[in-house]
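The values are calculated or read from the model by the stated rules, or taken from the named source; none is laboratory data. All values reported here derive from a predicted model rather than from experimental measurement. Don't worry about glycine lacking a Cβ; one is built from the backbone with ideal geometry, like all the others, and counts go over all protein chains shown. Ligands, DNA and RNA are excluded from the accessible area calculation, which covers all protein heavy atoms including side chains. Shrake-Rupley method; radii C 1.70, N 1.55, O 1.52, S 1.80 Å.
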Amino acid sequence: MRLAIAGATGTVGRHVVAAAQARGHDVRSLTRRDGHDLEVGTGLADALAGVDAVIDVASVATTSTRRSRAFFEAVTGNLLRAEREAGVGHHVALSIVGIDGVDAAYYAGKLAQERRVEHGDVPYTLLRATQFHEFAQQVLAQLSFGRIAVIPVGRFRPVAAREVGARLVELAEAGPSGRAADLSGPRDERLADMVRRMLAADGARRRVVEVRLPGAFGRALASGAMRGDDDATRGRIDFDAWLRSADHTPVEAKADAAASARLG
Ligand SMILES: NC(=O)c1ccc[n+]([C@@H]2O[C@H](COP(=O)([O-])OP(=O)(O)OC[C@H]3O[C@@H](n4cnc5c(N)ncnc54)[C@H](OP(=O)(O)O)[C@@H]3O)[C@@H](O)[C@H]2O)c1
């Protein structure tokens, strides 16, 4: 198959690409780095010519309700329009378990994305996954202030982005199936504990301060609702196995790389 991956360079996108290539598919990458700004949506006609399915794992780093809605509505609208015009028969989208009723912050954009996909006219598959193990690292990077890390109270059932990427490729191969079974991880975790174990495993020094975030977003994280139901498909790689794997870039190495990139 020929697959176009929106967000191919991201945390899960790179695993989607690896899984697709390992299964012999022809992969096209849609990111700004490849010259495709999906919020603007230009140049997609050529990129989608001959494509069988689009897997959308593009994302924006924001906690703003307005910014998140604007991003996911624009990206989804532009992709669906271009898919319709190019005759692409399958749109595969990734969303998040437990976001129903949390029409705030980042999740507002994900709900808007789901509505667009479900009410669009391109046959679709919608997978919801729980937070990735990598989420602990994403949160740490955004909420570290010197040697202090301010971590929201959050109860999750995290899954390896590698397993989510492989599942998305299987779903693309299977053809449009609407809402797929949710995908969650093998064990329940508390976000601050994940961050502390990651720092210890990496030999990095930060003081972790756990705080309860206000509003609907904070309540959703703390409530445990993001863990989903027990009838979800469960991944096999737990957080500690992921920490020991090559998929995890040690914290200080990552911070050093980011600092070097900033310095040019
Ligand atoms: N992180 C989690 O724990 C989690 C859990 C469940 C579901 N999800 C969902 O998984 C998806 C991917 O999340 P992620 O954490 O892997 O994202 P990520 O690491 O932030 O990667 C985002 C990707 O989107 C691309 N991108 C951003 N803006 C773009 C634009 N305007 N045009 C084209 N490409 C653009 C980026 O490439 P460029 O910067 O080069 O453009 C990058 O490839 C999201 O929909 C998210 O909601 C995430």
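Once amide H atoms are built 1.01 Å from N in the peptide plane, which residues 5 or more positions from ARG28, or in another chain, come under 5 Å H to H?
LEU3, ALA4, ILE5
Could you state the accessible area per residue of the chain in Å², with a 1.4 Å probe and every protein chain left in place?
Details: 12000 Å² over 264 residues.
It amounts to 45 Å² per residue over the chain.
What value does the stretch 110-202 have for Rg/Rh, both radii from Cα atoms and Rh as Kirkwood defines it? Before the final figure, lay out each step's value.
On the way: Rg = 16.3 Å, Rh = 15.1 Å.
Ratio value, two decimals: 1.07.
With equal scatterers on the alpha carbons only and no solvent term, can you work out the Debye log10 of I(q)/I(0) for the stretch 2-263 at 0.12 1/Å?
-0.72
If we sort 159-167, 100-108 on the protection proxy, mean other Cβ atoms within 10 Å, highest first, what's the order?
Working: 159-167: 24.0, 100-108: 18.6.
Ranking the peptides 159-167, 100-108 by packing returns 159-167, 100-108.
Expressed as a whole percentage, what fraction of the accessible surface of the stretch 2-263 belongs to carbon and sulfur atoms when a 1.4 Å probe is rolled over the protein heavy atoms? Intermediate results must be reported in sequence, preceding the final value.
Values: 5750 of 11820 Å².
Carbon and sulfur atoms account for 49 percent of the accessible area of the stretch 2-263.
Please list, by residue number, every one of the trypsin sites (Lys or Arg not before Pro) in the stretch 89-118 that is coil in DSSP and has at most 14 other beta-carbon atoms within 10 Å. Write down the numbers at each step before the final one.
On the way: sites: LYS110, ARG115, ARG116; in loops: none.
Passing sites in the stretch 89-118 do not exist.
Just want the answer: with Cβ charges of +1 for Lys and Arg and -1 for Asp and Glu, which residue in THR125, ALA49, ILE148 is farthest toward the dipole's positive end in the chain?
Final value for the positive-end residue is ILE148.
Stokes-Einstein at 25 °C, 0.890 mPa s, Kirkwood radius from Cα pairs: D for the stretch 1-129 in µm² s⁻¹? Mind showing how you got there, number by number?
On the way: Rh = 14.5 Å.
Reported coefficient: 169 µm²/s.
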